[in-house]
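Participant: So that we are looking at the same thing, I have put the structure below in structure tokens.
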Amino acid sequence: MSAPQKALTLPADAGGKHGTASRPRLPAGFVWEPWAFAAALLLAWQIGGSALSGEGNPLLPPPAVVFQALWDSLPELGRGTVSSFLILLPGYAGALVLGIAFGLLAGTTPWLARTFFPFAKVAAPIPPTVFIPYAIAVLPTFHLSATFVVFLGAFWPIFHNAAAGALSVEGRHRDNARVLGFTHLEYLRKVVFPASLPHIFSGMAVGLGFSFILLTVAELFGANAGLGRFVQYYADFADYPRMVAGILYTGAVTWGAMTLLDKLRHRSLFWLR
């Protein structure tokens, strides 16, 4: 066996032994650092909130007051969550379907890439928030306009990552598919889509984060219910404990959705573990 061939047969963990950087791995069991950091933040919040409340400043209520407001507001927050998800899910699902489809097609069809990529370079950097007032004015209902804005914010990250995944497929795979007699649709479904999944999941995570941001911003403009409306409503009445409770609850819902997506990614990309 020649020297280059021997180099290719090194074990996976040999990188650290031979001076090359190895990929860091997170521990599988319990980790204490995030909990210690959360406890430090909670302690700082308690100290700061108690000091400010002693001066009659309600802008930073102590944790106990906020958690009591959160508990009292759970029924209202539950209804707001349902209202928000009725906007989020259709917009994100539409962006997911069209973003993946157009991304894979543009990444594998030269004429479509020449047609669509220049437009994407101009349209994608425009912040979707600037369309919110216009969408509310033009579209017949607030629900439809907010769904459109969520779709717009999630579409571009998913599209760009799907296209990047399609462009990263090696030419030999395309040649093998041609030899096997695959149609273009079969090539997309059996070769390009599985190979692009790591890129697609990255775009899905970014798009989901943007979806929550845009949903909340849209609800600040004209919604009658929803998580963003909850925060805005109690901010208008200077009920800061409930406002902070709404912010924490919205963060928890966003974290839950991102965690579910990450678990789906981990299960789907089992070959990358």
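The values are calculated or read from the model by the stated rules, or taken from the named source; none is laboratory data. Just so it is clear, the structure is predicted and the values come from calculations on it, not from any experiment. Ideal geometry is used to build each Cβ from the backbone, glycine not excepted, and the neighbour counts take in all protein chains shown. For the accessible areas, the whole protein counts, side chains as well, though only heavy atoms, and no ligand, DNA or RNA atoms are used. Shrake-Rupley method; radii C 1.70, N 1.55, O 1.52, S 1.80 Å.
Every residue, every condition in (1) surrounded by 13 or more Cβ atoms within 10 Å (Cβ to Cβ); (2) at pLDDT below 90; (3) in contact with an Asp or Glu (Cβ under 7 Å, 6 or more places away or on another chain); (4) among the hydroxyl-bearing types (Ser, Thr, Tyr), yes or no:
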position	(1), (2), (3), (4)
GLY91	yes, no, no, no
VAL97	no, no, no, no
GLY107	yes, yes, no, no
LEU139	yes, yes, no, no
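Participant: Being surrounded by 20 or more Cβ atoms within 10 Å (Cβ to Cβ) and of a type in the set (Val, Ile, Thr), is that true of even one residue in the range 155-165?
Facilitator: Yes, the range 155-165 contains a residue that is surrounded by 20 or more Cβ atoms within 10 Å (Cβ to Cβ) and of a type in the set (Val, Ile, Thr).
Participant: Using beta carbons and a limit of 7 Å, which pairs, at least six apart or on different chains, have the first residue in the range 176-190 and within 19 Å of ALA163 (Cβ to Cβ) and the second one surrounded by fewer than 13 Cβ atoms within 10 Å (Cβ to Cβ)?
Facilitator: Note: no pairs meet the criteria.
Participant: Next question, about the same structure. Evaluate the range 181-204: report whether one residue or more is open to solvent by 80 Å² or more (accessible area, probe 1.4 Å) and touching a His at 6+ places or on another chain (Cβ under 8 Å).
Facilitator: no
Participant: Output the residues belonging to the range 216-230 that are in a helix (DSSP H, G or I) and either open to solvent by 30 Å² or more (accessible area, probe 1.4 Å) or in contact with a Ser or Thr (Cβ under 6 Å, 6 or more places away or on another chain) (or both).
Facilitator: THR216, VAL217, LEU220, PHE221, GLY222, LEU227, GLY228, ARG229 - these are the residues of the range 216-230 that are in a helix (DSSP H, G or I) and either open to solvent by 30 Å² or more (accessible area, probe 1.4 Å) or in contact with a Ser or Thr (Cβ under 6 Å, 6 or more places away or on another chain) (or both).
Participant: Restricting to the range 235-244, name every residue that is in a helix (DSSP H, G or I) and either surrounded by 17 or more Cβ atoms within 10 Å (Cβ to Cβ) or not charged (D, E, K, R) (or both).
Facilitator: Hits for the range 235-244 are ALA235, TYR240, PRO241, ARG242, MET243, VAL244.
Participant: Still on this structure, I have one more. Restricting attention to the range 166-197, and to residues there that are outside any helix (DSSP H, G or I) and within 25 Å of the chain's Cα centre (by Cα), which single residue is modelled with the lowest pLDDT?
Facilitator: VAL169
Participant: Which of the residues that make up the range 27-41 are open to solvent by 60 Å² or more (accessible area, probe 1.4 Å), of a type in the set (A, V, I, L, M, F, W, C) and modelled with pLDDT under 80?
Facilitator: ALA28, PHE30, TRP32
Participant: Restricting attention to the range 109-136, and to residues there that are in a helix (DSSP H, G or I) and within 21 Å of ALA205 (Cβ to Cβ), which single residue is least open to solvent (accessible area, probe 1.4 Å)?
Facilitator: Among those residues, the one meeting the criterion is ALA120.
Participant: Could you tell me whether any residue of the range 202-225 is under 23 Å from PRO133 (Cβ atoms) and charged (D, E, K, R)?
Facilitator: Yes, there is a match, as at least one residue in the range 202-225 is under 23 Å from PRO133 (Cβ atoms) and charged (D, E, K, R).
Participant: Provide a single number: the residues in the range 205-215 that are open to solvent by less than 30 Å² (accessible area, probe 1.4 Å) and more than 8 Å from PRO157 (Cβ to Cβ).
Facilitator: Number of matching residues: 6.
Participant: Could you look through the range 245-273, keep only residues that are open to solvent by less than 30 Å² (accessible area, probe 1.4 Å) and under 23 Å from ILE87 (Cα atoms), and pick out the one that is farthest from the chain's Cα centre (by Cα)?
Facilitator: ALA245
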